[in-house]
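Participant: Structure incoming, see below.
The values are calculated or read from the model by the stated rules, or taken from the named source; none is laboratory data. Because the structure is predicted, anything quoted here is derived from the model rather than measured. As a convention, Cβ positions derive from the backbone with ideal geometry for all residues, glycine included, and neighbour counts pool all protein chains shown. Accessible surface areas use protein heavy atoms only, side chains included; no ligands, DNA or RNA. Shrake-Rupley method; radii C 1.70, N 1.55, O 1.52, S 1.80 Å.
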Amino acid sequence: MKKKKLILIMEHNYEQAVNEVLRNPEIEYKALTVFYRTKLQNGLQFLKKLKRIFSLENIILMSDIEYLANDLEVSCVIELEQFYDFNLEQFLKVYESSVGHFENFSSFLQSVSDIFHFSFNIYEKENAWFSLSLGHGILVINDENYDKILQNYHKIKAHTSDLAFINLNEDGVEKNLKLLKMLGSDSQITFGLTNSLKSKFSQWIDVIVYQRSPYYERNIQNFISQVFSLNSWEKALELLQNFLEIEKKSFEADLYEEEEDVLKTPKRFFLKIEEKIQFLEKAEDVFYCPKDKKEHYRLEKDRAFLG
């Protein structure tokens, strides 16, 4: 088993630290860097340098304020209660001497958080309420995520919610729509997800996407992710906006007049997952996207939907 080491890497010792990492391939390094609240942009630029050497799983950020690991795409963010009194040298020694006794890094942090006076936020890979795609923020609002969003949204400081998804087929849909109203103003497209034909259109969403499956929420999100994975962000956004008939949004705020809510035309689309066929029909109301080698997604507009 490889020896594990946590190494402090800052701008002033970057080359020296990276050289140490490259000289010792038998050691499993995690990079620890510090973010200062007044130097966010500098910190973001330095993160780009770190990511040339270290994977997401091996970058740890330490700060005097809260950040969201998913917003910065780092393994973990440690928030220090006493930033300038933190005993970094002792923390690094404890890590090297004891980390092998823990199942993962999160377990180690949990065991020493009270001793070193910090809280921490771990990157969520599965079922994340906020994540990045091609450098753009994705917000997912549902009953499961509601409390997480209320407690953690303020930690997002590097990105905005460029796409938003909300589950329309849950008990808490009304409070979730209110949350969307507060947080979804930066979204280029807001999707309402459902497997019920009874779901009502809301002015806080751009379009309803229906899929007749118990896994509709995951399937619809995977479909949208696939569209973006096969194109640049700009191209995928344009394809979807054109097909869904959604106007490009302007986010220039009027500082003197409060804008009135614009009434939207209710829109609903049906998503199907079908076996691939050699020749796809061409129709104005149908959008195809490959899913894998055997299946494709078919999105079709419901022209009869009145909201």
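Participant: Is it true that ILE65 is outside any helix (DSSP H, G or I) and without any contact (Cβ under 8 Å) to a residue 60 or more places away in the chain? Explain how you work it out, then say what you get.
Facilitator: Working: outside any helix (DSSP H, G or I): yes; without any contact (Cβ under 8 Å) to a residue 60 or more places away in the chain: yes.
It is true that ILE65 is outside any helix (DSSP H, G or I) and without any contact (Cβ under 8 Å) to a residue 60 or more places away in the chain.
Participant: Related question: Within region 85-196, considering only helices (runs of 4 or more DSSP H) that don't extend past its boundaries, which have at least 1 residues that are among the polar types (S, T, N, Q) and surrounded by 20 or more Cβ atoms within 10 Å (Cβ to Cβ)?
Facilitator: In region 85-196, the matching helices (runs of 4 or more DSSP H) lie at 173-183.
Participant: Checking the conditions here, which among PHE46, PHE54 is over 22 Å from TYR153 (Cα atoms), outside any loop (DSSP other than H, G, I, E, B) and at pLDDT 90 or above?
Facilitator: On the way: PHE54 fails: outside any loop (DSSP other than H, G, I, E, B).
Exactly one residue qualifies, and that residue is PHE46.
Participant: Follow-up question, since we're still on this one. What are the residue pairs meeting all of these: first residue in region 130-153, first residue in contact (Cβ under 8 Å) with a residue 24 or more places away in the chain and closer than 18 Å to ARG218 by Cβ, second residue of a type in the set (Asp, Glu) and loosely packed, with under 15 Cβ neighbours inside 10 Å, Cβ atoms under 7 Å, and 6 or more apart or on different chains?
Facilitator: Sorted first by the residue in region 130-153, then by its partner, the pairs are ASP143/ASP171.
Participant: Here's a follow-up. When only residues in region 207-220 that are in contact with a Lys or Arg (Cβ under 8 Å, 6 or more places away or on another chain) and open to solvent by less than 10 Å² (accessible area, probe 1.4 Å) count, which is nearest to HIS159 (Cα to Cα)?
Facilitator: Top of the filtered list is VAL207.
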